[in-house]
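Student: Let me give you the structure first, and then I'll get to my questions.
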Amino acid sequence: MKLVTAVIKPFKLDDVRAALSQIGVQGITVTEVKGFGRQKGHTELYRGAEYVVDFLPKVKLEIAVADGDVESAIEAITNTANSGKIGDGKIFISDLEQVIRIRTGETGEDAI
Ligand SMILES: Nc1ncnc2c1ncn2[C@@H]1O[C@H](COP(=O)(O)OP(=O)(O)OP(=O)(O)O)[C@@H](O)[C@H]1O
Ligand SMILES: [Mg+2]
């Protein structure tokens, strides 16, 4: 199993959610976050210390998927979150050791 973490532009959330539903994704966790990529990491000196300014609002999606569904999830996100402009976001893929469905006690891919 993999954990797909995507940071996208907030206005793309509805489209991305719909595309993920379309390919059969069973659940998504959404968090409002702030961040910066390559262009927005201005730093400034404040009382002698360097601070990063210009955090921009983004939306973070977390989606647990079976190994066989990773590519279609990546495709759904990239196709819909791409505006062609800077700041469209990133997708991070990590190994997911275990998933437990609390109500039923199911584990692994059955729990996704
Ligand atoms: N290396 C990173 N680690 C963690 N989060 C990141 C990283 N790069 C980008 N992000 C997150 O993704 C958001 C969008 O990044 P962004 O799309 O601007 O990346 P970029 O590399 O600057 O690409 P682009 O040139 O298309 O803007 C950031 O605001 C931040 O929340
Ligand atoms: Mg950027």
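Student: I want to confirm something. Restricting to segment 54-75 and keeping residues that are among the small types (Gly, Ala, Ser) and within 13 Å of the chain's Cα centre (by Cα), which single residue is nearest to Leu96 (Cα to Cα)?
Tutor: Narrowing segment 54-75 to residues among the small types (Gly, Ala, Ser): 64, 66, 68, 72-73.
Going one step further and asking which of them are within 13 Å of the chain's Cα centre (by Cα), we end up with 64, 73.
Values: Ala64: 8, Ala73: 15 Å.
The qualifying residue nearest to Leu96 (Cα to Cα) is Ala64.
Student: Which of the residues that make up segment 83-95 are more than 9 Å from ligand 1 (Cβ to nearest atom) and more than 17 Å from Gln39 (Cβ to Cβ)?
Tutor: Ile91, Ile93, Ser94, Asp95
Student: Moving to a separate point now. Need the failing condition index for Arg47 against (1) modelled with pLDDT of 75 or more; (2) more than 16 Å from the chain's Cα centre (by Cα); (3) more than 15 Å from ligand 1 (Cβ to nearest atom), just the number.
Tutor: (1)
Student: Can you say whether Thr80 is without any contact (Cβ under 8 Å) to a residue 24 or more places away in the chain and hydroxyl-bearing (Ser, Thr, Tyr), as far as the supplied structure shows?
Tutor: Details: without any contact (Cβ under 8 Å) to a residue 24 or more places away in the chain: no; hydroxyl-bearing (Ser, Thr, Tyr): yes.
Spelling it out, it is not the case that Thr80 is without any contact (Cβ under 8 Å) to a residue 24 or more places away in the chain and hydroxyl-bearing (Ser, Thr, Tyr).
Student: Now a separate question. Name every residue in segment 83-93 that is without any contact (Cβ under 8 Å) to a residue 24 or more places away in the chain and within 12 Å of ligand 2 (Cβ to nearest atom), in order of residue number.
Tutor: Lys85, the sole residue that qualifies.
Student: Sort out which residues of segment 53-88 are open to solvent by less than 60 Å² (accessible area, probe 1.4 Å), closer than 20 Å to Ala111 by Cα and either modelled with pLDDT under 95 or outside any strand (DSSP E or B) (or both), and write them in order of number.
Tutor: Result: Ala66, Val70, Ser72, Ala73.
Student: Please indicate, with yes or no, whether at least one residue in segment 100-107 is modelled with pLDDT under 90, open to solvent by less than 70 Å² (accessible area, probe 1.4 Å) and either in contact with an Asp or Glu (Cβ under 7 Å, 6 or more places away or on another chain) or small (Gly, Ala, Ser) (or both). Please lay out each step first, then the result.
Tutor: Quick first cut of segment 100-107, residues modelled with pLDDT under 90 only: none.
For segment 100-107, residues modelled with pLDDT under 90, open to solvent by less than 70 Å² (accessible area, probe 1.4 Å) and either in contact with an Asp or Glu (Cβ under 7 Å, 6 or more places away or on another chain) or small (Gly, Ala, Ser) (or both): absent.
The values are calculated or read from the model by the stated rules, or taken from the named source; none is laboratory data. Quick caveat, the model's predicted, so the values are computed rather than measured. Cβ coordinates were reconstructed from backbone atoms using ideal geometry, including for glycine residues, and neighbour counts include every protein chain displayed. Accessible surface areas use protein heavy atoms only, side chains included; no ligands, DNA or RNA. Shrake-Rupley method; radii C 1.70, N 1.55, O 1.52, S 1.80 Å.
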